[in-house]
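Working notes for the structure below.
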C-alpha cells in the first residue's frame with residue numbers, strides 16, 4: 001500500500017504515538033476547511049476536530065490550515081496525508 005522506505009523514515013524520526021503536523025492550503029471557504037478536518041477525523045476515528053489553526057492569505061483567496069492530531073503510526077500519517085491530497089480545492093499540501 002505505502003512505500004516501505006517512507007514508513008521506515010517516519011518511524012526513525014518519530015516515536016509513535018505522537019503529535020504530527022499536517023498543513024494544507026486551499027480555496028478560502030468553510031467547505032475546504034471542513035473537508036480537511038473531516039478527512040483527518042475519519043482516519044483518527046475521532047468524533048471531534050483535532051487541534052488546528054487557520055490563516056487566510058492577505059488577498060483572502062486561500063486559507064492555510066494546520067492540523068496537529070496525535071497519530072498512532074507511520075501508516076496512519078501516510079493515510080491522512082493521502083486523504084488530504086485528494087480533497088477538492090487543495091492547492092498545496094505540506
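What follows is calculated from the coordinates using simple rules that are stated; it is not laboratory data. This one's a predicted model, so the numbers in the text were calculated from it and none came from an experiment. Neighbour counts run over all protein chains shown; Cβ positions are idealised from the backbone, glycine included.
May I ask you to derive the relative contact order of the chain, considering only C-alpha pairs under 8 Å and at least 6 residues apart, and to give it as an integer percent?
Details: 140 pairs, mean separation 39.7, N = 94.
Taking the mean separation of contacting Cα pairs over the length of the chain, I get 42 percent.
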Computed over the chain: longest principal axis from alpha-carbon atoms vs helix 30-44 long axis, angle to nearest 10 degrees, is 10
Taking Cα atoms only, helix 74-85 is inclined relative to the longest principal axis of the chain by an angle, in degrees rounded to 10, of 20
For residue 57 and residue 93, extending 7 Å from Cα along the Cα-Cβ vector and measuring point to point gives, in nm, a value of 1.9
For the chain, the longest principal axis of the Cα atoms and the Cα long axis of helix 4-13 enclose an angle in degrees, to the nearest 10, of 90
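Grab the eigenvalues of the alpha-carbon gyration tensor for the chain, scale each by 5, take roots, and send me the semi-axes largest first in whole angstrom. Intermediate values should be presented prior to the final figure.
Details: eigenvalues 115, 37, 28 Å².
Calculated on Cα positions only, the semi-axes equal 24, 14, 12 Å.
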